[in-house]
Amino acid sequence: MKRILLLEDDKALNRGISLKLEKDIEAIEQCAVAADPEIYQYIIKSVTEGVKYEFLKVPASRKKFYRARRKFFYLLDQKKG
């Protein structure tokens, strides 16, 4: 009986973790779009996978990309803070 209760607790914990991850993913996407809607996909790939500008083939200058990336981190900090 005790093991069944633990499994139910595990399911509830997993649901809670899944909801938290979904909210975090949504916040990341929103901040990336707000930082620059034209290149937000590249910002997400850069910050989540660590891919550098040189390997992304971004349709923007290096300066614009890193400016948007910094803005992304600023917005994310404001949202999380």
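In table form, for the structure just shown:
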{"read-out": "Label assignment, Cα Rg over 2.2 N^0.38 Å derived from the structure, set (1) 1.07; (2) 1.52; (3) 1.28", "value": "(2)"}
{"read-out": "Two-site label geometry, Glu49 and Val33: point separation in nm, points 7 Å out along Cα→Cβ", "value": "2.1 nm"}
{"read-out": "Fraction of accessible area attributable to carbon and sulfur, the range 19-81 (%, probe 1.4 Å)", "value": "55 percent"}
{"read-out": "Rounded tilt (10° steps) of 2-35 against the dominant C-alpha axis of the chain", "value": "10 degrees"}
{"read-out": "Where Cα atoms sit under 23 Å apart: lysine pairs in the chain separated by 8 or more or lying on different chains", "value": "24"}
{"read-out": "Helix 40-49 axis, angle to the chain major axis (alpha carbon atoms, nearest 10°)", "value": "60 degrees"}
{"read-out": "Longest DSSP-loop-exposure-free segment, trypsin sites (Lys or Arg not before Pro), the chain, at most 16 other Cβ within 10 Å", "value": "1-51"}
{"read-out": "Relative contact order computed over the chain (Cα-Cα under 8 Å; 6+ residues apart), in percent", "value": "30 percent"}
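The values are calculated or read from the model by the stated rules, or taken from the named source; none is laboratory data. No experiment lies behind these values; they were computed from the predicted model shown. Cβ sites come from the backbone with ideal geometry, for glycine too, and all protein chains shown count toward neighbours. Surface accessibility is based on the protein's heavy atoms, side chains included, excluding ligands, DNA and RNA. Shrake-Rupley method; radii C 1.70, N 1.55, O 1.52, S 1.80 Å.
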